[in-house]
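Below you'll find the structure, written out as structure tokens, and then a few comments.
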């Protein structure tokens, strides 16, 4: 990066204070920044870091004031900083695969759009359709009759099983498996017999799926990931799960089969969800909660089992005092025994 403070302010609709000709050459976090870098803080809680950071300039909220450094005021410093990162990244030389590598295996009746790239040793089975400008890295597998939209980015070692449907502008990171069989068995005479999983998976537009995610195909019909939803690493999504639009599913979440997650819901790290329930629109499930029953819309729950967050905090407060309660009970029991002995002697 080689931009002036004034140029950056104009790019993010911000107001700069200080030397507009100051040259900024790098982007970094407020703690890691060095001289010549641009950084940001999201609110006044980080004012102390602004005083010690080595960054040459800082993006701050419009209602915040700092001294000693040039700065840019914006409505949302985090979004503004991300915009600058995006602009700088676009200027860098791309390292994505280009064209169809000679070792890629392309099946019969495959339809590839314009500017599709397929990396080394990737297998694309028969009847697959891939939209314009989609990039598939090395070592991927795309099963028969799968449809992939435009401008998708699929990183190495991704497996997409047969008849999967993927929208446009979808990003899938390494190690993810989409469309494996759902976990379905019936016990007959003490033996677990497999139930055929004949459904599919539908990934809608603008979804991003992290590393080593497993999204199982439906027993019947579809497992659905809604438009704009973002899924972190190491997430398990069971068969016939329906996740709405613009949800956030963070690391190590497990969602059991046939559960529905409403639009805009957030599931924090290591959340577990039982099957056949509904998490309402805009609900928030706090980290490590175990959801045993449906969650109403716009509600925050936490704990094991998950309950309204305010109630869960009270329960947790009691648990923290459990050693005190145990000691108190033992002391009271001892006093009761002594009183009973005194009474018996009378």
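The values are calculated or read from the model by the stated rules, or taken from the named source; none is laboratory data. Just so it is clear, the structure is predicted and the values come from calculations on it, not from any experiment. Every residue, glycine as well, gets a Cβ built from its backbone with ideal geometry; the counts of neighbours run over all protein chains shown.
Among the residues of the stretch 197-214, are any touching a residue at least 60 places away in the same chain (Cβ under 8 Å) and either under 22 Å from residue 248 (Cα atoms) or in the same structural domain as residue 256 (by TED's automatic domain parsing) (or both)?
Quick first cut of the stretch 197-214, residues touching a residue at least 60 places away in the same chain (Cβ under 8 Å) only: none.
No, the stretch 197-214 contains no residue that is touching a residue at least 60 places away in the same chain (Cβ under 8 Å) and either under 22 Å from residue 248 (Cα atoms) or in the same structural domain as residue 256 (by TED's automatic domain parsing) (or both).
Looking across the stretch 202-221, the residues that are closer than 15 Å to residue 256 by Cα and not in a loop (DSSP other than H, G, I, E, B) come down to 214, 215, 216. Inspect all residues belonging to the stretch 46-53 and state whether any of them is out of contact with any strand residue (DSSP E or B) (no Cβ under 7 Å at 6 or more places or on another chain) and either in a loop (DSSP other than H, G, I, E, B) or closer than 30 Å to residue 133 by Cβ (or both). No, the stretch 46-53 contains no residue that is out of contact with any strand residue (DSSP E or B) (no Cβ under 7 Å at 6 or more places or on another chain) and either in a loop (DSSP other than H, G, I, E, B) or closer than 30 Å to residue 133 by Cβ (or both). Of the residues 182, 175, the single one that is assigned to a loop (DSSP other than H, G, I, E, B), assigned by TED's automatic domain parsing to the domain that holds residue 122, crowded, with 17+ Cβ neighbours inside 10 Å and in contact (Cβ under 8 Å) with a residue 60 or more places away in the chain is 182. The numbered conditions (1) within 23 Å of residue 252 (Cβ to Cβ); (2) outside the structural domain of residue 235 (by TED's automatic domain parsing) are all true for residue 98 except (1). Selection over the stretch 240-274 of residues that are closer than 20 Å to residue 290 by Cβ and assigned to a loop (DSSP other than H, G, I, E, B) gives a count of 17. Any chance the stretch 96-109 includes a residue that's surrounded by fewer than 16 Cβ atoms within 10 Å (Cβ to Cβ), touching a strand residue (DSSP E or B) at 6+ places or on another chain (Cβ under 9 Å) and closer than 24 Å to residue 230 by Cα? For the stretch 96-109, residues surrounded by fewer than 16 Cβ atoms within 10 Å (Cβ to Cβ), touching a strand residue (DSSP E or B) at 6+ places or on another chain (Cβ under 9 Å) and closer than 24 Å to residue 230 by Cα: present. Note on the stretch 222-239: residues that are crowded, with 24+ Cβ neighbours inside 10 Å, over 10 Å from the mean Cα position of the chain (by Cα) and not in a strand (DSSP E or B) amount to 1.
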